[in-house]
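Asks: Here's a structure for you.
The values are calculated or read from the model by the stated rules, or taken from the named source; none is laboratory data. All values derive from a computational prediction rather than experimental measurement. Using ideal geometry, Cβ is built from the backbone for each residue, glycine included, and neighbour counts are taken over all protein chains shown. What goes into the accessible areas is simple: the full protein's heavy atoms, side chains included, and nothing from ligands, DNA or RNA. Shrake-Rupley method; radii C 1.70, N 1.55, O 1.52, S 1.80 Å.
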Amino acid sequence: MNRMQFIKSIEQQMIQWRRQFHKNPELGFMEYRTTAYIYRHLKKLQFKTFIGQEVMSDSARYGLPAKATLRHYEKTVLKQGEIESAIFCEIKDGFTGVIGQIKSKHSGPHSAFRFDIDALPITETTEKSHHPYKNNYTSTNKGVMHACGHDGHIAIGLALATYISKRINQLTGTFTLIFQPAEEGGRGAHAIVENGWLDGVDYFYSGHIGLNDLDVGTVALAANGFLASTKIDVLFKGEASHAGISPEKGKNSLLAAANAVMNLYAISRHSEGISRINVGKMIGGTGRNVIAPSSKLEIETRGETERINRYLTERALAILEGSAKMYDVSLKKEVVGQTNVVNCHPELIEKLFNHIQTDDYIKNVLKITDVSGSEDVSFMMNRVHNHGGKATYMIFGANIKHGHHHPSFDFNERVLTIALDVYIQALGIFNKRR
C-alpha cells in the first residue's frame, strides 16, 4: 500500500476521530478522556507510551486550574467510567497529555511532531447551519468547545502514528509524537520542554488548521509573525462595607481594577514593532450596595519581539502595583501563561518546498505565510534550534467561515488528509530507507 492508498484508507477514520473529540471537548490540563483514548491507541500501535509526570515537569506548568475545579471534573469523568483506574492515577491533578515514541531498527535521525489537544471555554452554537449540529456531533460538555481545530489536530496525529507504526521497517531513526495539553493560554509546552523531550530532536514539525484565509489544498510550510506573549491573572483584595451607611470604611477593589484597566490600555505602543495589550475579563464586587471587597482581571501582553513583550509586561505590572496603592488594596498577580517568538528554520523550509509534491490532496504549496496571535510551540521549536536541530510550523488551509474561538467555528474536514499527506511526505526526506 503506497502513501496515497494509505491516506484514502484512513480518511473516514480520521473524520470519525475528529467528530468524536469534537463531541467530547476538554479544557487545558483536564483532557482526561482525551488523554486516555490517545494512550490506548498508541499502545495498540506498539509505541512506547508516556503519561503523567513522565510527560510534564510539575514545577514548569503554567496556569493550572484551581484544585476544586480539577477535583470536580475528575469526579465527573470517573462517574462516566471511560478511564481505567491505572491510567487515571497517573494523569490526575492535571497531568494530562501523551507522548508516544517508536524506533526503527535502522539508524537515522530523530523526528518529532506536536499535536495540541485542548478545547476552549466557549458554548457551541446550535444554529441549524452549523455542520457539527446538523451531523449530531456538537459538544456534550456544556460551555466547552473545540473552537480552534485541535480536535482535527488529534485526528491527524493518530493517523500519522498509524502510518509510522505500519511502515516502521521501511523508515529509519526515532519518532516522537507529542500530544500536548493546555496550548490555549500558552501553558502546556514549557513543562514538556523542561522534561527534556525536545533535546536531541533533529527535525520538529507542528502546524495548525486554518488561522489564515487559505483554501483547502493550500499548505504553507512555515508561519511568520507569531508574537511573544505573557498571560497574567490579577486579584485586587479590599474590604467590604455598606455603600450607603459607611462607604468610607470600605476599600474598593473595583475602583483599583477599573483604574488599572484604563491605564493598561494607555501604555504607549512600541516603536520597534507590533505591541498588544488586552484585558479579556474583569469580575468584581458582590452587590450594588456593597463596597467591592475583591476584583479579578485576566490580561495579556503581546510583542513582535521578546524585548517588546517584556516592555509591555513591565509597564503593566507597574500600573497594577500603582492602582493597588492608590486605593489602598492588596494585590496578587500570577503569570499563568507564556509564549515566545516562533522562528522556522530556513533550511528545513527549503527542503520541504523542494520535496512536497502536489497530488489529489495537496493543490498548492507556499514556503511561508504571515500570521498573528501566539503559540507556546515556540518553546519546543526554540529548544530544538538551540540544540542544533531544525523546526517548522505549518498552516493548512481549511476555508474557515467563522473565526477561531467563535461559537460557530468549523473547518472543512478534507484538510485532515492534506495535513497527513504533508507530514508523511516530510518523513520521506530524512527518515525513509534509500
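Asks: Can you give me the number of residues within region 198-217 that are within 19 Å of the chain's Cα centre (by Cα) and open to solvent by less than 10 Å² (accessible area, probe 1.4 Å)?
Replies: Final tally of qualifying residues: 8.
Asks: Check off (1) open to solvent by 30 Å² or more (accessible area, probe 1.4 Å); (2) under 15 Å from the mean Cα position of the chain (by Cα) for GLN180 and give me the number that stays unchecked.
Replies: Single failed check for GLN180: (1).
Asks: Okay, moving on. Which of the residues belonging to region 270-288 are open to solvent by less than 80 Å² (accessible area, probe 1.4 Å), farther than 25 Å from VAL341 by Cβ and touching a residue at least 40 places away in the same chain (Cβ under 8 Å)?
Replies: Result: GLY284, single match.
Asks: Could we say that ALA222 is under 30 Å from VAL341 (Cβ atoms) and touching a Cys at 6+ places or on another chain (Cβ under 7 Å) here?
Replies: When the stated conditions are applied, ALA222 passes them.
Asks: Considering only residues that are under 23 Å from LYS249 (Cβ atoms) and of a type outside the set (A, V, I, L, M), look in region 296-335 and name the one that is least open to solvent (accessible area, probe 1.4 Å).
Replies: Here the residue is SER323.
Asks: Hey, among the residues in region 218-269 that are within 27 Å of VAL371 (Cα to Cα), open to solvent by 40 Å² or more (accessible area, probe 1.4 Å) and part of a loop (DSSP other than H, G, I, E, B), which one's modelled with the lowest pLDDT?
Replies: ARG269
Asks: Can you name the residue in region 90-103 that is closer than 15 Å to LEU160 by Cα and of a type outside the set (Val, Ile, Thr) and is also surrounded by the most Cβ atoms within 10 Å (Cβ to Cβ) among such residues?
Replies: Looking at the filtered set, the residue picked out is GLY100.
Asks: Which numbered condition in (1) in contact with a His (Cβ under 6 Å, 6 or more places away or on another chain); (2) farther than 28 Å from GLY280 by Cα; (3) part of a strand (DSSP E or B) is the only one that TYR137 fails?
Replies: Failing condition for TYR137: (3).
Asks: The conditions are (1) open to solvent by 10 Å² or more (accessible area, probe 1.4 Å); (2) of a type in the set (Gly, Ala, Ser); (3) under 24 Å from PHE50 (Cα atoms); (4) at pLDDT 95 or above, and GLY185 fails exactly one of them. Which is it?
Replies: All conditions are met except number (4).
Listed here are the residues, each with its yes/no results for (1) surrounded by fewer than 20 Cβ atoms within 10 Å (Cβ to Cβ); (2) in a helix (DSSP H, G or I); (3) modelled with pLDDT of 95 or more.
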residue: ILE7; (1), (2), (3): no, yes, yes
residue: MET14; (1), (2), (3): no, yes, yes
residue: ARG18; (1), (2), (3): no, yes, yes
residue: HIS22; (1), (2), (3): no, yes, yes
residue: THR35; (1), (2), (3): no, yes, yes
residue: GLN53; (1), (2), (3): yes, yes, yes
residue: ALA68; (1), (2), (3): yes, yes, yes
residue: GLU74; (1), (2), (3): yes, yes, yes
residue: LYS79; (1), (2), (3): yes, yes, no
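Asks: Could you grab me the full set of residues in region 184-217 that are aliphatic (A, V, I, L, M), part of a loop (DSSP other than H, G, I, E, B) and under 22 Å from GLN338 (Cα atoms)?
Replies: Passing the criteria: LEU198, LEU211.
Asks: Then there is this: Inside region 114-128, can you point out the residues that are touching a residue at least 40 places away in the same chain (Cβ under 8 Å) and assigned to a loop (DSSP other than H, G, I, E, B)?
Replies: Across region 114-128, the qualifying residues are ILE117, ASP118, ALA119, PRO121, ILE122, THR123, GLU124, THR125, GLU127.
Asks: Then there's this: List the number of the failed condition for GLY157; all other conditions in (1) among the small types (Gly, Ala, Ser); (2) at pLDDT 95 or above; (3) open to solvent by 10 Å² or more (accessible area, probe 1.4 Å) hold.
Replies: Unmet for GLY157, out of (1) among the small types (Gly, Ala, Ser); (2) at pLDDT 95 or above; (3) open to solvent by 10 Å² or more (accessible area, probe 1.4 Å): (3).
Asks: Hey, another quick one. Name every residue in region 323-339 that is touching a Lys or Arg at 6+ places or on another chain (Cβ under 8 Å) and assigned to a strand (DSSP E or B), in order of residue number.
Replies: Scanning region 323-339 gives SER330, LEU331, LYS332, VAL335, VAL336, GLY337, GLN338.
Asks: Taking region 159-174 on its own, how many of its residues are among the β-branched types (Val, Ile, Thr) and in contact with a Ser or Thr (Cβ under 7 Å, 6 or more places away or on another chain)?
Replies: 2
Asks: Okay, moving on. In this structure, does ASP58 turn out to be open to solvent by 30 Å² or more (accessible area, probe 1.4 Å) and either touching a residue at least 40 places away in the same chain (Cβ under 8 Å) or under 30 Å from GLY173 (Cβ atoms) (or both)?
Replies: When the stated conditions are applied, ASP58 passes them.
Asks: Do any residues in region 156-168 that are under 23 Å from ASN412 (Cβ atoms) have Cβ atoms under 6 Å from those of residues that are assigned to a helix (DSSP H, G or I) and open to solvent by 30 Å² or more (accessible area, probe 1.4 Å), where the two are at least six apart or on different chains, and which pairs are they?
Replies: LEU158/HIS41
Asks: Based on what the data block shows, is HIS41 over 22 Å from LEU416 (Cα atoms) and open to solvent by 20 Å² or more (accessible area, probe 1.4 Å)?
Replies: So HIS41 does not fit the description; no.
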